[in-house]
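Okay, so here's the structure we're looking at.
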Amino acid sequence: MSWAAAGFSYAYRLKKKCIVANELVEMCSLMAIELEFSVNESMKIINRLCNEPTLSHLSFLKNFSFENISIKTELDSADNERINFLFKNIGKTDSLSMLNLLEGFKQNMIESRNRYENYYKNHSKLYIVFGIFGSLAVTLVLI
């Protein structure tokens, strides 16, 4: 049974990467709206994002601090570095430059999301099947 659980667990982790990448794209859109129309203060934008129900998997927003930016998510290390770069540069430039930075980050996240979704579509069922077959193989060996 542990093999099957491992297969399901790994497939779930792949799905979670897709969800987090999608929420980061949504976060960029919401931040751009805030910058364009109302708030130019970084911490106010982040506080508003904390209460956004569509960003529930972005737990780093809840206890975010500008003093110690070290964000880790389920995504690959390159994507985590991009996230850290974005948050380290929030509020350090004018609104137009911030909007450009957000747009660039958003395009990177869209590419990453597509990559994660393609990988999930191609591999998630495989992990589940390998997990089930692994459990069956162990069961047959024990019988």
Candidate residues THR93, THR73: accessible-area rank, largest first, probe 1.4 Å: THR93, THR73
Solvent-accessible surface ranking, highest first, for ARG113, ARG13, ARG82 at 1.4 angstrom: ARG13, ARG82, ARG113
Net charge, ARG82 excluded, C-beta distance under 12 Å - Lys, Arg +1, Asp, Glu -1: -2
Accessible area of the stretch 41-118 divided out per residue, in Å², using a probe of 1.4 angstrom: 58 Å²
Area of CYS50 that stays accessible when all protein chains are in place (1.4 Å probe, Å², to 10): 30 Å²
Size of electric dipole in the stretch 13-91: Cβ of Lys, Arg +1 and of Asp, Glu -1, about Cα centre, debye, nearest 20: 300 debye
Neighbourhood net charge (11 Å Cβ-Cβ; Lys/Arg +1, Asp/Glu -1) for THR54: -3
At R0 = 22 Å, FRET efficiency that the Cβ-Cβ distance of GLU111 and SER70 yields, to 0.05: 0.40
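The values are calculated or read from the model by the stated rules, or taken from the named source; none is laboratory data. Not measured: the values here are computed from a predicted model. Positions of Cβ are backbone-derived with ideal geometry, glycine not excepted, and every protein chain shown enters the neighbour counts. Note: accessible area is taken over every heavy atom of the protein model, side chains too, but ligands, DNA and RNA are not part of it. Shrake-Rupley method; radii C 1.70, N 1.55, O 1.52, S 1.80 Å.
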